[in-house]
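Working notes, beginning with the structure itself.
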Amino acid sequence: MRLSRYFLPVLKETPAEAQIVSHRLMLRAGMIRQASAGIYSWLPLGYKVLRRIEDIVHEEQQRAGHIPVLMPTIQSADLWRESGRYDDYGQEMLRIRDRHERDMLYGPTNEELITDIFRAHVGSYKALPLTLYHIQWKFRDEVRPRFGVMRGREFLMKDGYNFDLTKEDALHAYNRHLVTYLRTYERLGLQAIPMRADSGPIGGDDTHEFLVLAETGESEVFYDSAITDLTFGDRAIDYDSREECRAVLEEFTSRYARTDETHDEALFNAIPEERRKSARGIEVGQIFYFGTKYSEPMGAMVTNEAGERVPVHMGSHGIGVSRLVGAIIEASHDEKGIVWPESVAPFGVGIVNLKQGDAAADAACEDAYAKLAAAGLDPLYDDREERAGAKFATMDLIGLPWRLTIGPRGLAAGTVELTRRKTGETQELSLESALAKLTA
Ligand code: P5A
């Protein structure tokens, strides 16, 4: 992409309404624009990052055998009356009436809708296990939408739902989801710690939230610092193996880690004092096992091997996809701007032409641009007639992993500069070596 033809409305001033760094940087970098309180338009740069996160979430879900679908945002109130949640959900639910006076709502989550799909099409244990998921917009009329996309009213969620014959099978699905989430967050460059939590309006007793530690997080958390030494890495795992998935859950939940809702002082105080930590965290996901809470009242039954009709055991599993954009920035930025992990960066490399209009500089930039694009690095070429300082500031703000700086003086000496955003480390080398390094 050539910056002269792109739409990157960066702001010079720091927006006064933004209280936390990720919100400020997302506004300044022209990633989002508020449409109404807690509702945002995703501008090109923000949308690219959102899509890259979605891609990783899809890959990790499908790796575990979970099947993508797409359910609507608008749902019928009748389904929610069947589960009993229509009245319970309260003011967070945006209720709508259509022209036929039918009660509708903008879905805050999809347990009812997916249970309805299941009961219409599945009748036998032979179709199980089954996990369906989608990535779709949700609406929750939060009392206090704030911090930009962190606590929005409209937000993008990955939500998955497992259907199993027995509780034991459903707990395997729970453990399997925990593993997929560990892998997903690590690929996004985040350490997200599973913590025992409260199930709230979703229901059930078994639930873990995944928290990214950050001072600006909305949740208060208590944990044994030994848990922060754990990483999943690129271990091979057989998602069908109950033992392997359970072993990962046990490893990652054996240390004390809880949100304030389930915090237990006595258990916490049993940890050696130097490892006892209380901090704040951003909730980037949550998994639930709630058994037959929806299948029983809604009649989602299957015939088991003995020919009896039994309600299926279910759980649901959510990732805050749009919140993750903010969470990644909270975890990875410096005083100059965002520092994207390579896995989600909106462009792989930025090319800065120090003297637009100089024949040698222009030609070298065009050459680099074409080669990097052909190598699949998705370069962003700053070809504007701007001062070098302004170009550098923009590149630092938008946080691409690499910057390739090309100007007449360097070219005369046979060199260009390659700078790593994360460390600021700069190397002077020939254009060929720089391209070889980037495309290696
Ligand atoms: C699990 C999937 C559920 O709704 N039903 C379907 C279950 N869980 S949850 O914990 O309530 O939400 C899942 C994740 O969505 C993100 N999230 C939000 N993101 C931005 N703004 C909000 N207002 C918001 N509310 C929830 C969180 O990351 C949460 O973990």
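The values are calculated or read from the model by the stated rules, or taken from the named source; none is laboratory data. Bear in mind the structure is a predicted one, so any value in this text is a computation, not a measurement. A quick note on method: Cβ atoms are made from the backbone with ideal geometry, for glycine too, and the neighbour counts reach across all protein chains shown. These accessible areas exclude ligands, DNA and RNA; they are computed on the full protein's heavy atoms, side chains included. Shrake-Rupley method; radii C 1.70, N 1.55, O 1.52, S 1.80 Å.
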Env charge @ Gly337, Cβ radius under 14 Å, K,R +1 / D,E -1, value +4
Could you tell me the center-to-center distance, by alpha carbons, between the range 160-186 and the range 251-273 in angstrom? 23
Mean ellipticity per residue at 222 nm, deg cm²/dmol - from DSSP H runs of n ≥ 4 across the chain, formula -39500 (n - 2.57): -9500 deg cm²/dmol
If one builds a Gaussian network model of the chain from Cα atoms under 10 Å apart, the most fluctuating residue listed among Glu274, Glu283, Glu54 is Glu274
Under 5 Å, built H, 5+ apart or other chain: amide partners of Arg2: Tyr381
Using a Gaussian network for the chain with springs between C-alpha atoms less than 10 Å apart, which of these wobbles most: Arg28, Arg95, Arg235? Arg235
Lys, Arg +1 and Asp, Glu -1 on Cβ, resulting dipole of the range 110-255 about Cα centre, debye, nearest 20: 420
First select every other residue whose beta carbon is under 9 angstrom from the beta carbon of Ser199; then total the charges, Lys and Arg +1, Asp and Glu -1. -3
Applied in sequence order to the range 295-304, the curve 6.51 cos²θ - 1.76 cosθ + 1.60 (Karplus, θ = phi - 60°) yields integer Hz couplings, x standing for Gly and Pro, of 5, 5, x, 9, x, 8, 10, 10, 8, 8
Angle, helix 359-374 long axis vs. longest principal axis of the chain, Cα atoms, 0 to 90°, nearest 10? 20
What figure in square angstrom, to the nearest 10, would you give for the accessible area of Tyr47 with a 1.4 Å probe? 110
Please give the FRET efficiency for Glu250 paired with Ala374, using the beta carbon to beta carbon distance and R0 = 56 Å, rounded to the nearest 0.05. 0.75
In the chain, what percent of the accessible surface is made up of carbon and sulfur (1.4 Å probe, ligands and nucleic acids excluded)? 47
Can you find, among Ala37, Ala64, Leu50, the residue farthest towards the positive end of the dipole of the range 21-72? Put +1 on the C-beta of Lys and Arg, -1 on that of Asp and Glu. Ala37
Links exceeding 18 Å between C-alpha atoms in this model, out of Lys126/Lys293; Lys126/Lys158; Lys48/Lys391; Lys48/Lys355; Lys138/Lys158; Lys48/Lys422, come to Lys126/Lys293; Lys126/Lys158; Lys48/Lys391; Lys48/Lys355; Lys48/Lys422
The relative contact order of the range 313-440, taking Cα pairs under 8 Å that sit 6 or more residues apart, comes to a percentage of 26
Fully extended, how many nm does the chain gain between Ser430 and Gln62 (0.36 nm per residue separation, minus their Cα-Cα distance)? 128.3 nm
For the range 390-440 the mean separation of alpha carbon contacts under 8 Å (6+ apart) over residue count, i.e. relative contact order in percent, is 28
Based on Cβ point charges of +1 for Lys and Arg and -1 for Asp and Glu, what charge dipole magnitude is obtained for the range 347-436 about its Cα centre, in debye rounded to the nearest 20? 280
Principal-axis tilt of helix 388-398 within the chain, Cα atoms, nearest 10 degrees: 10
So if I place +1 on the C-beta of Lys and Arg and -1 on the C-beta of Asp and Glu, and nothing else carries charge, what would the dipole magnitude of the chain be about its Cα centre? I want it in debye, nearest 20. 1340
Length released on extending from Ser4 to Ser241, taking residue separation times 0.36 nm less the Cα-Cα span: 80.1 nm
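Just subtract the alpha-carbon distance of Thr423 and Glu92 from 0.36 nm times their residue separation and send over the number in nm, one decimal. Please report the intermediate quantities before stating the final value.
Working: separation 331, 0.36 × 331 = 119.16 nm, distance 4.32 nm.
Full extension from Thr423 to Glu92 adds 114.8 nm.
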Return a whole-number percent for the relative contact order of the range 186-324, with Cα pairs under 8 Å and 6 or more residues apart as the contact set. 31
Between the range 373-407 and the range 41-73, what's the alpha-carbon centroid distance in Å? 27
Nearby aspartates and glutamates by direct alpha-carbon distance to Lys336 (threshold 17 angstrom, same-chain neighbours under 8 apart not counted): Glu13, Asp396, Glu425
Summed over the other residues with a beta carbon less than 9 angstrom from that of Leu156, with K and R at +1 and D and E at -1, the charge totals +1
Would you work out which of Ser433, Gly414, Ser343 lies farthest towards the positive end of the dipole of the range 342-440? Charges go on Cβ: Lys and Arg +1, Asp and Glu -1. Ser343
Taking only protein heavy atoms and a 1.4 Å probe, what accessible area per residue, in Å², does the chain have with all protein chains in place? 44
